[in-house]
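Since the structure comes first, as structure tokens, the remarks are kept for the end.
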Amino acid sequence: MKLRLLIVEPSEVIAKGMQAVLQNQSQFKVLEPETTVTNISGRIVMAHADVVLINPTVIDSPEQVRGEHHAAVVALVYQYVQPAVLRRYDAVVDINDHRSIIVETLAGAVPGSQTDSAHHNYELSKRETAVLVELAKGKTNKEIADTLNVSVHTIISHRRNIVQKTGIKSVAGLTVYAMMHNLVDESVLV
């Protein structure tokens, strides 16, 4: 079953661009984008949206959009947004992310989706493993983003997934986890 995706973005160019990028993905039925947030909650209910990709600067909080229908609300970022604001979203997509990362992030944000079932297996994706290794080496989010050629927002999203899958919140704990799973050895740690 395809996930119903609604894009909410005031810039028609960005909204239509994201629609074009995601239109032919087998996981999604991309609905006609919304360029206004007027009665957006009602539009989400009427569209039966499973996931809403929204510019976080146009609403006060994702709860305003999520409402009773419990759609996953994913932030679409292309300008600076405070990390505290982004943490309230189910996931974060940076406009500079590769198409495959965007698709994985959107599908993973929906509880019960095929990508979300991987979270219940507690297996880290290849990208999450790469982020964990760099994190264990003592790198900051920015340094990891530069190393992996992705945005800082993507790294934050991967870190959130790593914490969710492992249940470990501290960097020290994640470093031990990486060592125990032979992802890094002691000689490369700072």
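The values are calculated or read from the model by the stated rules, or taken from the named source; none is laboratory data. Small disclaimer: the values here were computed from a predicted structure and weren't measured. With ideal geometry, Cβ positions are generated from the backbone for all residues, glycine too; neighbour counts draw on all protein chains shown. Ligands, DNA and RNA are stripped out before the accessible areas are found, and what is left, the full protein with its side chains, is counted by its heavy atoms. Shrake-Rupley method; radii C 1.70, N 1.55, O 1.52, S 1.80 Å.
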*Output the number of the condition that S113 fails; it satisfies all remaining conditions of (1) in contact with a strand residue (DSSP E or B) (Cβ under 9 Å, 6 or more places away or on another chain); (2) at pLDDT 85 or above; (3) of a type outside the set (K, R); (4) open to solvent by less than 20 Å² (accessible area, probe 1.4 Å).*
(2)
*Within segment 120-190, which helices (runs of 4 or more DSSP H) (wholly inside it) include 1 or more residues that are farther than 25 Å from Q82 by Cα and modelled with pLDDT of 85 or more?*
126-136, 171-180
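Could you say which residue among V13, V77, V92, V45 is farther than 21 Å from E128 by Cβ and modelled with pLDDT of 90 or more?
Being farther than 21 Å from E128 by Cβ and modelled with pLDDT of 90 or more holds for just one of V13, V77, V92, V45, which is V13.
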*asked:* What pairs come out if I take residues in segment 70-84 that are in a strand (DSSP E or B) and pair them with residues that are surrounded by fewer than 24 Cβ atoms within 10 Å (Cβ to Cβ) and basic (K, R) whose C-beta lies under 9 Å away, six or more apart or interchain?
replied: A72/R66; V73/R66; V73/R88; A75/R88
*Criterion violated by V58 - all others in (1) over 21 Å from V150 (Cα atoms); (2) in contact with a helix residue (DSSP H, G or I) (Cβ under 8 Å, 6 or more places away or on another chain); (3) at pLDDT 85 or above satisfied*: (2)
_Which count do you get for residues in segment 1-28 that are farther than 14 Å from V77 by Cα, touching a residue at least 12 places away in the same chain (Cβ under 8 Å) and either in a loop (DSSP other than H, G, I, E, B) or more than 18 Å from the chain's Cα centre (by Cα) (or both)?_
6
*asked:* Looking at segment 42-68 only, could you name the residues that are under 21 Å from V92 (Cβ atoms), of a type outside the set (A, V, I, L, M, F, W, C) and open to solvent by 40 Å² or more (accessible area, probe 1.4 Å)?
replied: D50, T57, D60, E63, Q64, R66
